Amino acid sequence: MRLLRATEIIQRFARARQLSFAVVTVALATAAFLPGRGVLDRTQWGLGYIAVIVFVASVAGERGAVAAALASFIAWDVLFLPPYRTLLVADPRDWLLLCAFLVVGLAIGVRTAQSRSREAEAQARQQDADALCRLSAELLAAEDTATMARRVLGALEAVTDAESIAVYVASEAGLEPIAWTPEGPAPHDDLAAALGEHARDEGEPLLRLAIPLVASRRRCGAVVLARPASAFSANELRLVRSVANLATSYLEQTRLREQAVQAEALREADRLKSTFVSSVSHQLKTPLASALATVTSLLEPGGREPADRVDAELRAVVGDLQRLEGNIRDLLDLAELESDAWRSRAESYDLGDVIGYVLGSLGRQRDRVRLDVDDRLPAVQVDFGQIARALGNIVENALRYSPAGSTVIVGAGIEGPWATVHVDDEGEGVPAEEREAVFGKFYRCKGRNHPPSSSGLGLAICRQIVEAHGGAVRVEEAPGGGARFVVVLPVDWSGEAA
């Protein structure tokens, strides 16, 4: 195969470079040594060649060290041991010196090359460890599975020269590719042939490496790599498995977080269910029991009650039933709002008309309300009935929690693109730490007496309605003490109020 032949040529060229470097280095050293041949004893030049062998070994490895030792052996014999320019030596003891030099040179060169190789390998392992640490930190910061897959893909491209890489993640439909290279159509779902479609011309085979991502005895994904012909090295396999383990850890942590969120949601649902049952049973049973007791007392034998007492008792029954009907209506309305069954039919209305309608429905309580609105209120795009219900809940809540005879102020105006309505009361106010919680279902402020007519749903319904209209509602401290509830709605700039 062409790529295999190219790889062999490159390897041969690298070996040739090592040998050439060794021979050229020894030749240059010999040229530098020759002028001093008559200065030093012939045996001392062996030390210079040992230094040359160590240098070549540190640069060109074991092959270069062996070549440098042989070249130094010949150069020392021919040029520094008489007779010169021949392999013969005049003193037979020089043969012992040459052999000892060759053995020592080979030993020192090979050991130096091995030490250099181990040092380079240690540095490479440290770099790989640093890369894995960086990948681990990146995965911890990954926002979602797709980001994780892209970062794993980049890490695999950095540690291997694989031609094709794909990262799969388990889903309900099986293992699905999340990130892959090269760019193009998604790999086939079948892992056995996941990257087979990337084979090169002439039917060149691909060596595939598929590593399943398994955690808690369940497969959460897979990593598949492929490249032509040459097998993955042991170091590459180690790095790929390390990257795969990091991906497995991320997917398992994601699954555990999702399970924890689901468990917390179930616990919260159970808590809300318990609160709902408790509150509903109290809100429904109390007025019903009161009405039942009143009617039962009227039906008891023993004489006819005076007409005025009968009227009072019946009025009390009517009040209890109205309270019961209001609680049931609140429950049904909140359920419709949360299920999106209560759809808004928004039209343009003057905000003053909405406030006027709300105040007109207060009956005798209207005398306790004082208006503080701008001369000209803007139009808002709202469902008239829903917004009137929301504002009515806030005003009634303010009247309910204000001292008897106190005044509730209803103000309105415009702030930039928003129309605002605020309701101030003279009650105890809402503590800062409870100002968000008061809009929850059945929430009641701590350490406070609550009127029996309170269902604990009015503010929750108000928030649902206002947010459905693109607005917001909040509570803050009123300028004169007490609580101020503020409703913010977008202004309708499309035309005049209807």
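Is one or more of the residues making up the range 158-167 within 24 Å of the chain's Cα centre (by Cα), modelled with pLDDT under 85 and not assigned by TED's automatic domain parsing to the domain that holds Ala68? Working first, answer last.
Filtering the range 158-167 for residues within 24 Å of the chain's Cα centre (by Cα) gives 158, 165-167.
Imposing the further condition that a residue be modelled with pLDDT under 85 reduces the set to 158.
Pick out the ones that are also not assigned by TED's automatic domain parsing to the domain that holds Ala68 and you get 158.
There is at least one residue in the range 158-167 that is within 24 Å of the chain's Cα centre (by Cα), modelled with pLDDT under 85 and not assigned by TED's automatic domain parsing to the domain that holds Ala68.
Might you let me know whether the range 406-415 holds any residue that is small (Gly, Ala, Ser) and either at pLDDT below 85 or touching a Gly at 6+ places or on another chain (Cβ under 6 Å) (or both)? Give the steps one after another, and end with the answer.
In the first step, residues of the range 406-415 are kept if they are small (Gly, Ala, Ser); the result is 406, 411-413.
Filter again for either at pLDDT below 85 or touching a Gly at 6+ places or on another chain (Cβ under 6 Å) (or both), leaving none.
Looking for residues that are small (Gly, Ala, Ser) and either at pLDDT below 85 or touching a Gly at 6+ places or on another chain (Cβ under 6 Å) (or both), one finds none in the range 406-415, hence no.
Give the number of residues within the range 132-154 that are without any contact (Cβ under 8 Å) to a residue 24 or more places away in the chain, surrounded by 13 or more Cβ atoms within 10 Å (Cβ to Cβ) and within 14 Å of the chain's Cα centre (by Cα).
Qualifying residue count, the range 132-154: 3.
Just to be sure I understand, how many residues within the range 214-271 are over 18 Å from Arg134 (Cα atoms), hydrophobic (A, V, I, L, M, F, W, C) and part of a helix (DSSP H, G or I)?
Final tally of qualifying residues: 9.
Which residues, counting only those in the range 116-146, are among the aliphatic types (A, V, I, L, M) and assigned to a helix (DSSP H, G or I)? Step through it out loud before you land on a result.
Narrowing the range 116-146 to residues among the aliphatic types (A, V, I, L, M): 120, 122, 124, 129, 131-132, 135, 137, 139-142, 146.
Ala120, Ala122, Ala124, Ala129, Ala131, Leu132, Leu135, Ala137, Leu139, Leu140, Ala146, listed by residue number.
Do we have Arg208 as over 30 Å from Ala60 (Cβ atoms), of a type outside the set (A, V, I, L, M), out of contact with any helix residue (DSSP H, G or I) (no Cβ under 7 Å at 6 or more places or on another chain) and at pLDDT 80 or above here?
On the way: over 30 Å from Ala60 (Cβ atoms): yes; of a type outside the set (A, V, I, L, M): yes; out of contact with any helix residue (DSSP H, G or I) (no Cβ under 7 Å at 6 or more places or on another chain): yes; at pLDDT 80 or above: no.
So Arg208 fails the test.
Scan the range 61-102 residue by residue and report those that are among the charged types (D, E, K, R) and either part of a loop (DSSP other than H, G, I, E, B) or surrounded by fewer than 15 Cβ atoms within 10 Å (Cβ to Cβ) (or both). Let's see the steps before the verdict.
As a first pass, look at the range 61-102 and keep what is among the charged types (D, E, K, R): 62-63, 77, 85, 91, 93-94.
Arg85, Asp91, Arg93 - these are the residues of the range 61-102 that are among the charged types (D, E, K, R) and either part of a loop (DSSP other than H, G, I, E, B) or surrounded by fewer than 15 Cβ atoms within 10 Å (Cβ to Cβ) (or both).
So which strands (runs of 3 or more DSSP E) are wholly in the range 338-419 and hold at least 1 residues that are among the hydrophobic types (A, V, I, L, M, F, W, C) and loosely packed, with under 13 Cβ neighbours inside 10 Å? Steps first, please.
Details: elements: 347-350, 369-373, 379-382, 408-415.
Once the strands (runs of 3 or more DSSP E) in the range 338-419 are filtered for at least 1 residues that are among the hydrophobic types (A, V, I, L, M, F, W, C) and loosely packed, with under 13 Cβ neighbours inside 10 Å, what remains is 369-373.
Looking at this structure, is Ala483 out of contact with any helix residue (DSSP H, G or I) (no Cβ under 6 Å at 6 or more places or on another chain) and at pLDDT 85 or above?
On the way: out of contact with any helix residue (DSSP H, G or I) (no Cβ under 6 Å at 6 or more places or on another chain): yes; at pLDDT 85 or above: yes.
Taking the combined requirement at face value, the residue satisfies it.
Within the range 330-360, track down each residue that is over 15 Å from His469 (Cβ atoms) and modelled with pLDDT of 65 or more.
Matches in the range 330-360: Asp350, Gly352, Asp353, Ile355, Gly356, Tyr357, Val358, Leu359, Gly360.
Would you check if Ile165 is surrounded by 19 or more Cβ atoms within 10 Å (Cβ to Cβ), in contact with a helix residue (DSSP H, G or I) (Cβ under 8 Å, 6 or more places away or on another chain) and not aromatic (Phe, Trp, Tyr)? Break it down stepwise before answering.
Values: surrounded by 19 or more Cβ atoms within 10 Å (Cβ to Cβ): yes; in contact with a helix residue (DSSP H, G or I) (Cβ under 8 Å, 6 or more places away or on another chain): yes; not aromatic (Phe, Trp, Tyr): yes.
So Ile165 fits the description; yes.
The values are calculated or read from the model by the stated rules, or taken from the named source; none is laboratory data. The structure presented is a predicted model; accordingly, all values stated were derived computationally and were not measured. A quick note on method: Cβ atoms are made from the backbone with ideal geometry, for glycine too, and the neighbour counts reach across all protein chains shown.
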